[in-house]
Ligand code: MRU
């Protein structure tokens, strides 16, 4: 798996890899340690995978989907190859239910688990050993397809990055958030590969600083001109005419185009609208949730107050003071100029254009 995807260029790390056969293990970059340390975390059981997703050692909607696929493979490893197939199939259900409780917002998690369950049910395996092989192949297919989707998103979106453009991005929608290459950052990587000169402002992205720690790390490695700003500086830059476009990823897109992404994205979209700056979302088809009519139905993860009150062990809010920590917000489709996917570009997304797309 590790070397099966051809790299031209820019992204020189593997966010997640599988080592060995069905009884092997997953290995992922522990993103909680970046940018200080690049350390691979071996994940040898499903509990460790659940924990890695919950603690954001692996994060970003598509990467969570890939991790979930491998999590299912790990979850059935304790079964012996001579266990009955119906025992194995109910174990798959149990493992999927368990992994689905790790994080609520990114639909890619549920999409990947559904795909693993469907594969298990439809494959007609006669033995548990055979099922293990089939499910590893399915998890690897999710992984490889995600990489291909990211490439295609980059190709489809590169035209929006003109020479001299100053792009603003939020959170991390790069190679670290996917199998490789990213979604929003894929567009930037593709424009870079096409020889365009541009610069990027990365919102630091409070409270967990995915922009400062991860996006800046990636873009700097790729030798793309990146400047980190605090989240509350974006309006100032826009008012000075210093931003030409905003481009972000998404964790779940409803049937009408409303899109959930990292908390703070909605404010950026409102600001972009006020300053007549295009606001793009880049996301694969696996991020669309057509079962929900609009963004009000997207579950918003609420994380521990300590992430705000005591980040990295430093108390920044007095003890006993209330803290509220929603991890995502929803940008209404009316504020989105276009959604860039692996199949093309949905301009001015709405229920009809998304229906036509699918
Ligand atoms: O909490 P995180 O770090 O998982 O949030 C990630 C984001 O909001 C990303 O922008 C989104 O998943 C798109 S990743 C290609």
Here's a check for you: in the range 335-358, which residue that is under 23 Å from the mean Cα position of the chain (by Cα) and without any contact (Cβ under 8 Å) to a residue 60 or more places away in the chain is surrounded by the most Cβ atoms within 10 Å (Cβ to Cβ)?
337
Say we look at the range 286-307 and pick out the residues that are assigned to a helix (DSSP H, G or I) and within 13 Å of the ligand (Cβ to nearest atom); which of these is surrounded by the most Cβ atoms within 10 Å (Cβ to Cβ)?
287
Check residue 283 against each of (1) farther than 22 Å from residue 208 by Cα; (2) within 16 Å of the ligand (Cβ to nearest atom); (3) surrounded by 18 or more Cβ atoms within 10 Å (Cβ to Cβ) and name the one condition it does not meet.
(1)
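If you check 43, 38, which single one turns out to be farther than 18 Å from residue 183 by Cβ, buried (at least 22 other Cβ atoms within 10 Å of the Cβ) and free of Cβ contacts under 8 Å to residues at least 40 places away in the same chain?
Of the residues listed, the single one that is farther than 18 Å from residue 183 by Cβ, buried (at least 22 other Cβ atoms within 10 Å of the Cβ) and free of Cβ contacts under 8 Å to residues at least 40 places away in the same chain is 43.
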When you check residue 102 against the structure, is it surrounded by fewer than 24 Cβ atoms within 10 Å (Cβ to Cβ), under 26 Å from residue 183 (Cα atoms) and in contact (Cβ under 8 Å) with a residue 40 or more places away in the chain, yes or no?
yes
Checked against (1) in contact with a helix residue (DSSP H, G or I) (Cβ under 9 Å, 6 or more places away or on another chain); (2) away from the ligand (no atom under 14 Å from the Cβ), residue 269 satisfies every condition except (2)
Could you check residue 248 against (1) more than 14 Å from residue 106 (Cα to Cα); (2) surrounded by fewer than 21 Cβ atoms within 10 Å (Cβ to Cβ); (3) touching a residue at least 40 places away in the same chain (Cβ under 8 Å) and say which number it fails?
(2)
For the range 17-50, enumerate the residues that are in contact with a strand residue (DSSP E or B) (Cβ under 9 Å, 6 or more places away or on another chain), closer than 20 Å to residue 113 by Cβ and within 16 Å of the ligand (Cβ to nearest atom).
28, 49
Sole residue being assigned to a loop (DSSP other than H, G, I, E, B) and out of contact with any helix residue (DSSP H, G or I) (no Cβ under 9 Å at 6 or more places or on another chain), chosen from 257, 320:
320
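Residue by residue, here is whether (1) away from the ligand (no atom under 15 Å from the Cβ); (2) within 30 Å of residue 329 (Cα to Cα); (3) more than 17 Å from the chain's Cα centre (by Cα); (4) at pLDDT below 95 holds:
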| residue | (1), (2), (3), (4) |
| --- | --- |
| 71 | yes, yes, no, no |
| 75 | yes, no, yes, no |
| 85 | yes, no, yes, no |
| 90 | yes, no, yes, no |
| 103 | no, yes, no, no |
| 108 | no, yes, no, no |
| 113 | yes, yes, no, no |
Residue tally, condition within 16 Å of the ligand (Cβ to nearest atom) and surrounded by 14 or more Cβ atoms within 10 Å (Cβ to Cβ), over the range 314-334:
6
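From the list 148, 141, pick out the single residue that is modelled with pLDDT of 95 or more and touching a helix residue (DSSP H, G or I) at 6+ places or on another chain (Cβ under 9 Å).
The unique qualifying residue is 141.
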Looking at the range 151-160, can you tell me whether even one residue there is modelled with pLDDT of 95 or more, more than 16 Å from the ligand (Cβ to nearest atom), out of contact with any helix residue (DSSP H, G or I) (no Cβ under 8 Å at 6 or more places or on another chain) and within 30 Å of residue 235 (Cβ to Cβ)?
yes
Residue count, the range 175-203 (criterion: free of Cβ contacts under 8 Å to residues at least 60 places away in the same chain, in contact with a helix residue (DSSP H, G or I) (Cβ under 8 Å, 6 or more places away or on another chain) and closer than 21 Å to residue 229 by Cβ)
7
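The values are calculated or read from the model by the stated rules, or taken from the named source; none is laboratory data. Keep in mind that what you see is a predicted model, and the values were worked out from it rather than measured. We place every Cβ from the backbone using ideal geometry, glycine too, and count neighbours over all the protein chains shown.
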